[in-house]
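Please treat every number below as a calculation from the coordinates, not as lab data. Nothing here was measured: the structure is a model prediction, and the numbers come from that model. All Cβ positions, even for glycine, are placed from backbone atoms using ideal geometry, and neighbour counts span all protein chains on display.
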Amino acid sequence: MTANQNPKVRIFRASYELRARIGVGPVPEETLIDCQQMIDKNEFDFTPLAREFLENLSRTIRKARTKEISENEALHRMTEIVMQLKANASTFHYRLVGNLAQVMLGFLESLTHIDANAVEIVEAHQKTLLAIIEKRMTGDGGPYGRQLQQELIQACERYSRSSEKK
């Protein structure tokens with residue numbers, strides 16, 4: 001995915017059980033405002049949770065390299081962990097982590113298998129996110145964050161081009 005392309009939007013319909021619990025129809029505006037204020041004022045320390053996700057990703061990378069798990073299992077686990085990072089990061093004011101995880105998630109979802117080169121990209125991503133978390137870089141990272149995101153996009157594109165040639 002290039003910087004100018006929009007990712008495909010996928011809509012997931014709520015199950016009937018969930019709809020029965022929450023009801024149907026529009027959510028009152030006051031409820032949305034209250035929820036947004038709770039998110040904005042959130043003081044939860046995301047770093048322990050992020051470290052846990054990143055440690056799991058590191059273990060999965062190691063197991064993929066040593067063939068302790070299959071390529072399919074490695075790809076599935078990596079995708080799941082990155083998805084969790086993406087889902088949680090922005091909520092806890094780590095927008096850069098969420099943005100980078102979005103790029104990585106798109107990359108992982110585009111793969112049919114994971115090879116050594118793809119694992120290297122995932123590992124570089126993991127190490128970058130760990131550094132961001134350790135430095136507690138909240139927000140979007142400004143110009144540095146945009147550069148990191150662009151570098152990750154370009155690495156994913158290079159991988160895609162090289163795997164197409166094979």
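Summing Lys and Arg as +1 and Asp and Glu as -1 over all other residues whose Cβ lies under 12 Å from the Cβ of residue 35 gives a net charge of -3.
Coordinate range of the alpha-carbon atoms in the range 93-166 per principal axis, descending: 39, 19, 15 Å. Sparse packing (at most 12 other Cβ atoms within 10 Å of the Cβ) combined with a DSSP loop state is found for the following trypsin sites (Lys or Arg not before Pro) in the range 45-146: 67, 135, 136.
Rounded, prolate or oblate, given the Cα gyration tensor of the chain, with a/c below 1.5 counting as rounded? Before the final figure, lay out the partial values.
Values: a/c = 1.73, a/b = 1.48, b/c = 1.17.
Judged from the Cα gyration tensor, the chain comes out prolate (a/c at least 1.5, a/b above b/c).
Across the chain, the longest run free of exposed loop sites, meaning chymotrypsin sites (Phe, Trp or Tyr not before Pro) lying outside DSSP classes H, G, I, E and B with no more than 15 other Cβ atoms within 10 Å, spans 45-166. Here the contact order of the range 43-143, divided by its residue count and restricted to Cα pairs under 8 Å and six or more residues apart, works out to 35 percent.
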